[in-house]
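The values are calculated or read from the model by the stated rules, or taken from the named source; none is laboratory data. Computed from a prediction, not measured in an experiment: that's the story for all the values here. Every residue, glycine as well, gets a Cβ built from its backbone with ideal geometry; the counts of neighbours run over all protein chains shown. For the accessible areas, the whole protein counts, side chains as well, though only heavy atoms, and no ligand, DNA or RNA atoms are used. Shrake-Rupley method; radii C 1.70, N 1.55, O 1.52, S 1.80 Å.
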Amino acid sequence: MACWNSSCRNGCHFRARPASERRQLLQALLLLSLVGVLRRVLRFSRLCTLLSRWAAAPNNAPLSAVDQMHHIAQAVQTASACAWPRPNCLDRSLTLWFMLNRRRITSELVFGVCYADGALDAHAWVTVQGSVLNDSPDVAERYAVIHPQAMP
């Protein structure tokens, strides 16, 4: 967990952040690791069911500000540099989806595919009311959306 000290290699400067941001970063780090491990041992449908149940009992007041959604997305992105196992786009997207829905922010997990350099590539990202949170806004132009997945 050396990443969380003041000499962080990715510039997160954990100790200099306000307490609320530190809690968000720690929550994102723990969730990324948990999702990464569970994704490897459970069927995807079972993992989605578990996350949906856990997200159904929000522990925070509703957030309405768009900048709060971006703060959560940034926390997941920052924490992903230190998480084990190393999170992929699906781990990051599931974690972001979970953290948003715990705060009563409805989001969608979106899957896309593209054929590039002779190989099929798959990708996952999160949208809120059509806006992409954890990727570039043109991601749906680069990947053919398979099925926008509104988690139960």
Working out 0.36 nm times the residue gap between Gln68 and Ala81, then minus their Cα-Cα distance, what length gain in nm do you get to one decimal? 2.6 nm
What are the trypsin sites (Lys or Arg not before Pro) within the stretch 87-122 that DSSP puts in a loop, where the Cβ has at most 13 other Cβ atoms within 10 Å? Arg104
SASA check, Ser20, accessible area w/ 1.4 Å probe, all protein chains in place, rounded to nearest 10 Å², comes out at 70 Å²
With all protein chains present and a 1.4 Å probe, the order of Val139, Val113, Val41 from largest accessible area down is Val41, Val113, Val139
Quote the accessible area belonging to Leu26 in square angstrom, nearest 10, computed with a 1.4 Å probe and with ligands, DNA and RNA left uncounted. 60 Å²
Can you work out the FRET efficiency for the pair Leu26 and Glu108, with r the C-beta to C-beta distance and R0 = 30 Å, to the nearest 0.05? 0.70
At 7 Å along Cα-to-Cβ for each site, give me the label-to-label distance between Arg46 and Ala16 in nm. 4.4 nm
For Asn88 and Arg142, compute 0.36 nm times the residue count separating them, minus their Cα-Cα distance, and round to one decimal in nm. 17.6 nm
